[in-house]
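**Student:** Have a look at this one.
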Amino acid sequence: MQGRSRGKSTTRRYFPDRCRACRYGKVRKDAAWFLARIHVEGDCWIWTGARTRAGYALYGTEYLHRLVFHRYYGFWPVTVDHLCYRPPCLNPRHMESVTLSENIRRAWVHRRLS
């Protein structure tokens, strides 16, 4: 496999014990900062801060929905599926830990992938 450095484990990248932002002490513990960037629409908590082109909430280089999922459920998911089908939603009750193949299957079913 060319282009990939040998000797480095990719396990940490997929199953980190903590996110990069947490490891380097960049996570803000101020709840007011976080809540100021949330807009409630029905049951969804929509992130108004930085987003990816696909609409997922970002905190630095981390997907914020994964951080919220970890804080709420206590474990790092392999893949998070938004049950409300809204990528910027951060309501942990709208998230489910699923396999990558299941997440892709659900996206096809709900026509999010073409």
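The values are calculated or read from the model by the stated rules, or taken from the named source; none is laboratory data. From a predicted model like this one, the values you see are computed outputs, not experimental measurements. Cβ coordinates were reconstructed from backbone atoms using ideal geometry, including for glycine residues, and neighbour counts include every protein chain displayed.
**Student:** For segment 53-78, give me the residue count where each residue is hydroxyl-bearing (Ser, Thr, Tyr) and not in a loop (DSSP other than H, G, I, E, B).
**Tutor:** So the first thing to find is which residues in segment 53-78 are hydroxyl-bearing (Ser, Thr, Tyr), and the list is 56, 59, 61, 63, 72-73.
From what's left, not in a loop (DSSP other than H, G, I, E, B): 59, 63, 72-73.
Of the residues in segment 53-78, 4 are hydroxyl-bearing (Ser, Thr, Tyr) and not in a loop (DSSP other than H, G, I, E, B).
**Student:** With of a type outside the set (Phe, Trp, Tyr) and modelled with pLDDT under 90 as the only criterion, which of Glu96, Glu62 stands out? Quick ask: steps written out before the conclusion?
**Tutor:** Details: Glu96 fails: modelled with pLDDT under 90.
Matching residue, one of Glu96, Glu62: Glu62.
**Student:** Would you check which residues across segment 79-101 are assigned to a loop (DSSP other than H, G, I, E, B) and either more than 10 Å from the chain's Cα centre (by Cα) or of a type outside the set (A, V, I, L, M, F, W, C) (or both) and list them? Reasoning before the result, please.
**Tutor:** From segment 79-101, those assigned to a loop (DSSP other than H, G, I, E, B) are 83-88, 90-91, 99; that's our starting set.
Correct list: Leu83, Cys84, Tyr85, Arg86, Pro87, Pro88, Asn91, Thr99.
**Student:** Tally time: how many residues in segment 74-83 are surrounded by fewer than 16 Cβ atoms within 10 Å (Cβ to Cβ) and not polar (S, T, N, Q)?
**Tutor:** Step one: of segment 74-83, the residues surrounded by fewer than 16 Cβ atoms within 10 Å (Cβ to Cβ) are 74-75, 78-79, 83.
Subsequent filtering for residues that are not polar (S, T, N, Q) retains 74-75, 78, 83.
Qualifying residue count for the region: 4.
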